[in-house]
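Just so it is clear, none of the values below were taken in a lab; they were calculated from the coordinates. Just so it is clear, the structure is predicted and the values come from calculations on it, not from any experiment. Positions of Cβ are generated from backbone atoms using ideal geometry, with glycine treated the same way; all protein chains shown enter the neighbour counts.
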Amino acid sequence: MKRALGLILFLFAVNLFSSEIDIAKLKIRRAYDSYRAGKNALAEDVLKGANEFALNIPEYFYLKNELLGDSRDVLYIKMENSRNIIKNIKNNYFLSAYEILNHVKDISLKTRDYDYAKKVYKEILSIPNIDLLNDYIGYIETVFLSKDLSDIENILKEARNRYNSIEFEYFDLKSKIILNKIDSNEFQRKISVLNANGYSKSKILLLSVLRSPANGIKKCLDDYFSLKASKSLDGYYQREILYNLIMKSSSLKTPDVLSALQEWSEINGQRYAETFDILKNRNLYSIISKNAALSENILKYSGERIEDADNDGNWEELYVITSGDVRSRVVDKNQDGAYEYKYTYFEDGKIETFTVYEGRNSDYKEARFNPYDSSVVTIDIYNSGKLTEKITAVKSALYLNVDILKNIDEKIYRNYIDKKETFGDFYSISRYTDGQINRRDIDLDYDGAIEEKEFYKNGVIYEKLKDADKDGSFEIIERYANGKLKTVFCKESDFSDYYYYREDIEPNYSVKNWDTNLDGIYESSVTEYPNGTSYNKLDIDYDGVYDYQVELKNGEPVRLSKIESGKLINIKTFSSKEEIKKNNWYIVSYRDIKKVDVPDKIVFTDGKKTSGYFLDKNEKYYFENSDIINDNLNFKLFVIDSEIYLIDNRE
């Protein structure tokens, strides 16, 4: 019977599980159809309604990516979704694995994650019964982009075993040139093969430039202009060809170099980071500076300059140039829209700020430098676009190069901190000496007034002052031992002679003392233990000697004792059912509480709560010094932790 019941429950769970998956699939398919119909808003709403089982379906993440659009700023999100696609690729159900994997591959290439793209390509190339020639070509191009040619021979061999393509001959020749594994004869033979097959003249010229010795560059330059004149020059390769020609132009005559540089200017080469390399060459710099047009267009260029190593139109580094000087530089090596670093520069070229991003453009650390000696002035930390911490360094003391700052860690600069400000739920400013905090001021509500001050020795707190009522006077003092709270003092203001409250904190108990009339004598003292036991001592005649002790357990009185000559004399033991309060006041009496008359009302007329008036049988009586006395009543009043205690003085 138990086995049958277990089987029924199992089948029910399986059916429920399958039902939830089917619902998720239906919603994803409906969202996909809406997306294909151009109804993106509807698609997003439907997709949001998919349950958690959608997280195992690759089409779910595919569709999330498609709905994000094409903005560079969302590429890092798309890459996260793409990794989830790969994890669940075997669960695809209406889109082919080939389509989904190509989607992931494209995202990987856009974010320049070439190793991941190669991994995805291998998955694609394992799909049976479809033509994968173009995918092999794309895979090999990605291998070149990754700059890891260690296995290129085996990759080309595998590709040639499955397909015939002149592209493989091109890749073979290009790899041998890069790896310097080819002589002149073999180079010419392979070039002849490419020419015989009508291969791209621009790509052949690029290989010739890369392979050509210095004395062969003149012919390559002539070939470049011939291709351009015949409109056979492929614009995709034009900049790369011309850049390499210019960088290998040492054997050319000045007019030829000048024509190459003029061509660089004509194709707006000054907009690309290769211009930095060109200007580092003394001879090239000299030629440019002596030509008015080149000097104006290249040396004095103002505008954006980009590094686009893969020539896909998306920058990996973005420079802002003013009259030839770099004023800022943003680094996004993987092109995912989430920056890695940003630099800004003063007019004289010295670094002004350096920013390290932490996954998102709104989370970063920014170092600001002194314009005179390039020392670090401040390090600001931002979270979600808001300043959360500002560190100011000792003036002209902290010198850090950018490579160290790429891993900004407080351990690196701790000994050079002058002050640290934090901006969170409250504002604080901390002062440092030799890398250790010595003081911290806290503004709890951002009104410009300091409510708390902390003092440190050897980096460990020893005292804290608090202005609880925001009157500018620090009436609460906390003392610490080894960083742990030890004693608390409270007074009415800085000008008060006595503390109205003191608390001593020990590992296993605490002692709280009250001096409500501010005569320097603590008339009530409460010792509390973690187990709920407490001892309340009361000095009813304010002579500095405690007269009574009330023992409590979890707030309930257990025993009332009189103190004589330091000894406890038991007056009354309370039963668990005995009432201890009247009019919401604690009544401490050796008599039965039910038979004890108490005031009808007590009203304080001073802040110390020692004077005022009380009502008894509709009569009003004034009192002072905490004495509640008339013909009918005789109590000593204490206020402990905002609770009123009435001590019965009747014999």
Compactness of the chain, expressed as Rg and Dmax over alpha-carbon positions, Å: 41.3, 128
Residue-span extension gain [residue 568 to residue 282] - 0.36 nm each, minus C-alpha spacing: 93.1 nm
Charge dipole (debye, nearest 20) of the range 240-363; +1 at Cβ of Lys and Arg, -1 at Cβ of Asp and Glu: 660
Nearest 10 degrees, 0 to 90: helix 97-110 Cα axis against the chain principal axis: 80
Sparsely packed GluC sites (Glu not before Pro) within the range 318-423, loop by DSSP, other Cβ within 10 Å at most 11: 347
Anchor residue 420: aspartates and glutamates whose Cα lies under 17 Å away (excluding residues fewer than 8 positions away in-chain): 366, 380, 389, 409, 410, 434, 441, 443, 452, 454
Cross-link pairs beyond the 31 Å C-alpha cut-off, checked among 122/248; 411/457; 572/617; 342/419: 122/248
Backbone HN-Hα couplings from phi across the range 428-443 [Karplus 6.51/-1.76/1.60, Hz, Gly and Pro as x]: 9, 10, 10, 9, 10, 9, 6, x, 10, 5, 10, 7, 9, 9, 10, 10
Crossing angle, helix 133-146 versus the chain [Cα axis fit, 0-90 degrees, rounded to tens]: 70
Acute angle (nearest 10 degrees) that the helix 235-247 long axis makes with the longest principal axis of the chain, alpha-carbon atoms: 90
Residue-by-residue Karplus 3J(HN,Hα) for the range 595-610, coefficients 6.51, -1.76, 1.60, Hz, glycine and proline x: 9, 8, 6, 10, x, 7, 7, 10, 10, 8, 10, 9, x, 6, 6, 10
Overall form of the range 497-648 per C-alpha gyration tensor (a/c, 1.5; a/b vs b/c): oblate
Amide hydrogen neighbours beyond the local backbone of residue 486, cut-off 5 Å, H modeled: 479, 480, 481
The range 508-580 - convex hull of alpha carbons, volume per residue in Å³: 103
Check: the range 497-648 dipole with +1 on Lys, Arg Cβ and -1 on Asp, Glu Cβ, in debye: 660
Table column - 3J(HN,Hα) (Hz), the range 493-510, Karplus curve with 6.51, -1.76, 1.60, x for Gly and Pro: 6, 4, 8, 6, 7, 10, 8, 7, 8, 9, 10, 10, 10, 10, x, 10, 6, 9
Value of [θ]222 nm, deg cm²/dmol, for the chain, DSSP H segments ≥ 4, -39500 (n - 2.57) each, nearest 500: -10500 deg cm²/dmol
Directionally averaged shadow of the range 434-494, computed from the convex hull of its alpha-carbon atoms, nm²: 4.6
Centroid-to-centroid separation of the range 264-298 and the range 196-229 [C-alpha atoms, Å]: 22
Exposure proxy ranking, count of Cβ atoms within 10 Å, fewest first, for 328, 249, 589: 328, 589, 249
Estimated FRET transfer efficiency when R0 is 41 angstrom, pair residue 231-residue 90 (beta carbons, to 0.05): 0.25
Proximal aspartates and glutamates relative to residue 218, as straight alpha-carbon distance under 12 Å, when same-chain residues fewer than 8 apart are discounted: 256
Residue 26-residue 125 pseudo-label distance in nm [points 7 Å out on the Cα-to-Cβ vector]: 4.3
Cα gyration tensor, the range 422-547 - rounded (a/c under 1.5), prolate or oblate: prolate
Highest average packing first - 191-197, 628-634, Cβ atoms within 10 Å: 628-634, 191-197
Reachable aspartates and glutamates, given that their alpha-carbon falls under 12 Å from the alpha-carbon of residue 486 and they are not under 8 places away in the same chain: 463, 478, 503, 504, 506
Charge tally in the Cβ shell below 13 Å around residue 529, where Lys, Arg are +1 and Asp, Glu are -1, residue 529 excluded: -1
Debye, to nearest 20: dipole size of the chain, +1 on Lys, Arg Cβ, -1 on Asp, Glu Cβ: 3180
